[in-house]
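See structure below.
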Amino acid sequence: MNGDQLISIWKIEDEALGLLLMKVLEDEGIPCELRSDQIPWMDGIMKATRGYWGELMALERDAVKTREIIKSYLKEKDTESKA
């Protein structure tokens, strides 16, 4: 494998968080995409059955760096919300 394959990096609980994390990664120069598992005419059924809204996808070669950025961002965000 050459690392050019898109893989799931993070399970996303809702679309808003997915869009926010995409912006954070894009600001770091990491290409990514958001894949929703939702079925438009069956509002929320897939989230209810799977426990997540969709997945954040990135290139395999960026996986470690991408996960580190997400963890750091979410930890910082959590710390701010408790202050």
If you go through segment 54-71, how many residues are part of a helix (DSSP H, G or I), over 15 Å from residue 26 (Cα atoms) and of a type outside the set (A, V, I, L, M)?
3
Which residues, counting only those in segment 53-77, are at pLDDT below 90 and either on the phi > 0 side of the Ramachandran plot or open to solvent by less than 70 Å² (accessible area, probe 1.4 Å) (or both)?
53
Within the set of pairs 6 or more residues apart or between chains, which connect a residue that is farther than 15 Å from residue 35 by Cβ inside segment 50-77 to a residue that is part of a helix (DSSP H, G or I) and charged (D, E, K, R) with Cβ atoms less than 8 Å apart?
none
For segment 38-49, state whether one or more residues are open to solvent by less than 40 Å² (accessible area, probe 1.4 Å) and modelled with pLDDT under 95.
yes
Which members of segment 1-29 meet the condition of being within 14 Å of residue 55 (Cα to Cα) and out of contact with any Asp or Glu (no Cβ under 9 Å at 6 or more places or on another chain)?
13, 14, 15, 16, 17, 19, 20, 21
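The values are calculated or read from the model by the stated rules, or taken from the named source; none is laboratory data. In this text the structure is predicted, and so the values were computed from the model without any measurement. Reconstructed Cβ throughout: ideal geometry from the backbone, glycine too, with neighbour counts over all protein chains shown. The protein model used for the area step is the full one, side chains on, heavy atoms only, and it has no ligands, DNA or RNA in it. Shrake-Rupley method; radii C 1.70, N 1.55, O 1.52, S 1.80 Å.
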